[in-house]
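I have placed the structure first, in the form of structure tokens, so that the comments after it can refer back to it.
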Amino acid sequence: MQIEKKPDKKVNFKYKFLSVLLIPLALLIKRIMAEYPEFTENVYSRGIYKIIMQPVSLLTGLIPISVAELALIILVIYIPIRLIYIIIRAVRKGEGILILRFFANLVLLGSLWFFVQVMVWNINYERLPYSDLAGINVQDSSLDELEALCRWLVDETNRLREQVPENQDGIMYVEGGYKSVLKRAYKGYDVLKQEYPFLGGKYGPPKPVLLSRLMSHTNIIGIYSCLTGEANIDIDIPEMSLASTVMHEMAHQRGFAREDEANYIAYKACMAHPDIDFKYSGTVMALQYSMNALYSESPERYFDIAVNYSPGYRRDLEAEREYWKHFQGVTREVADKMNDTYLKLNGQEDGVKSYGRMIDLLLAEYKGSYSKYMVQRSIPGDKN
């Protein structure tokens, strides 16, 4: 009788390391798609991506907690425990091959994750620019125009601030808290899709991150999980920024990967929303990015405008600053570096700095609104 020979696991596991080749393959496919943005837009972003992710998002949306966060927690707990078990077993049996086999499985898992993420999400970085889709003619703008934009946004912020409720400390708050924001968020996109159909679609609702306080230590206030189609929100942040953060992650959910574009879409969705707290949050976000850009060009002009902040907005701003003082440290620096690297790997060469590009869209689309705020200047050496 012939005895069937069992596969040699000591040899077979080595092939799992070859799965790392999926990484350059994914990057090659993404690079090819970058050469054909119109094809990527029409076939992938508006076709394949939506066909795959809408049902996935709706399915995971039936579960009230974040599936992605739960999976991450399980992996963070399981992998170290499993590694300790494998090491003990390898020492007892004198088989170091067990440790290599464990890491081979990690390489396989990591390579598959990277490949799938690129295939179902990262290719969206190569779609047509939002300005092309929305018909916005983005041009170079002068420093005077940036200043005028800031002045307009300050007036809008002050006007909206008068209409939002305050707590006993005079700080803006949302009636119903984060649950109310998450529940009402869809209304902004329901209005916006009437003008921009490519922002429509059926997706699961945004979800609160259970470990939000821990998440704040990373300086990341929202994460879109492309494998589960979930918009995950840090619900511990000041309520002034909550609505705009939700809308930002929902923009990612709709296939807009670039951070600067997601910011601008979030602003548009907030302004389209029927509720004042959303409009205020979106305007504050636009103001903060615009004022930061102005400060980098002309601190003098920045402070000249900042004195016009209303008392209410000043209190909100100070409360936000006090909140983030608690989260300075190594964890935040490491997370910032990782986020910066991730953005650069996906074609956003300025990394984290690319968030400021939303200002170009604001300057282009709202020129009629802020043009009356233009100040005639004649200062030697001023940048125009």
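Each reported figure results from applying straightforward, stated rules to the coordinates on display, with no laboratory input. Keep in mind that what you see is a predicted model, and the values were worked out from it rather than measured. With ideal geometry, Cβ positions are generated from the backbone for all residues, glycine too; neighbour counts draw on all protein chains shown.
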Item to complete: Please build a GNM for the chain, connecting alpha carbons under 10 Å apart, and tell me which residue among ALA286, ALA26, ALA185 fluctuates the most.
Response: ALA26
Worksheet entry | Extent along principal axes [Cα atoms of the stretch 9-126; Å; largest to smallest] | 58, 37, 19
Practice prompt. Based on other C-beta atoms within 10 Å, arrange LEU199, LEU214 from fewest to most.
Written response: LEU214, LEU199
Worksheet item: If one computes the Cα centroid of the stretch 24-93 and of the stretch 257-299, what distance in Å separates the two points?
Response: 29 Å
Worksheet, complete the sentence: The residues MET119, MET374, sorted from fewest to most surrounding Cβ atoms within 10 Å, come out as MET374, MET119
Worksheet entry | Among ASN219, ASN292, ASN167: highest mean-square fluctuation, GNM of the chain, C-alpha pairs under 10 Å | ASN167
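Which value, in debye to the nearest 20, gives the size of the charge dipole of the chain about its Cα centre, when Lys and Arg are +1 and Asp and Glu are -1 at the Cβ?
Working: 45 positive and 46 negative charges, 465 e Å.
I would put it at about 2240 debye.
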Worksheet item: What's the lysine pair count for the stretch 179-300 at a Cα cut-off below 16 Å, pairs eight or more apart or interchain?
Response: 12
Discussion item. Which one, LEU22, ILE86, VAL76, projects farthest toward the positive side of the charge dipole computed for the chain from Cβ point charges (K/R +1, D/E -1)?
Written reply: ILE86
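Scanning the chain for trypsin sites (Lys or Arg not before Pro) in DSSP loops with at most 13 other Cβ atoms within 10 Å, what's the longest stretch left with none?
Numbers: sites that count: LYS5, LYS202, ARG377, LYS383.
Between the exposed loop sites, the longest stretch runs 6-201.
For the chain, which DSSP H helices look membrane-span-like by this rule: Cα extent along the axis of 30 Å or more and mean Kyte-Doolittle of at least 0.0? Before the final figure, lay out each step's value.
On the way: long enough: 67-93 (37 Å, 1.80); 97-120 (34 Å, 2.08); 276-297 (31 Å, 0.05).
The answer, listed by residue number, is 67-93, 97-120, 276-297.
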Discussion item. Largest first and in whole Å, what are the equivalent-ellipsoid semi-axes of the chain based on the Cα gyration tensor, each being the root of 5 times an eigenvalue?
Written reply: 44, 24, 21
Worksheet, complete the sentence: When VAL76, VAL67, VAL284 are ranked with the fewest other C-beta atoms within 10 Å first, the list becomes VAL76, VAL67, VAL284
Response to the item:
Counting all Cα-Cα pairs in the stretch 97-250, those more than 26 Å apart amount in percent to 49 percent
Worksheet item: Which is farthest toward the positive dipole end of the stretch 130-373 among GLY312, MET285, ALA185, measuring Cα position about the Cα centre, with Cβ charges +1 (Lys, Arg) and -1 (Asp, Glu)?
Response: ALA185
Worksheet item: Which value at 222 nm does the chain reach when only helices count, each DSSP H run of 4 or more adding -39,500 (n - 2.57), with the total divided by all residues and rounded to the nearest 500 deg cm²/dmol?
Response: -18500 deg cm²/dmol
Practice prompt. Report the percentage of all Cα-Cα pairs in the stretch 262-311 whose separation exceeds 18 Å, rounded to a whole percent.
Written response: 40 percent
Discussion item. I need the phi-derived Karplus couplings for the stretch 225-241: 6.51 cos²θ - 1.76 cosθ + 1.60, θ = phi - 60°, integer Hz, Gly and Pro marked x.
Written reply: 8, 6, 7, 10, x, 10, 8, 9, 10, 6, 8, 8, 5, x, 5, 4, 9
Practice prompt. Rank TRP121, TRP324, TRP152 by mean-square fluctuation in a GNM of the chain with C-alpha springs under 10 angstrom and give only the top-ranked residue.
Written response: TRP324
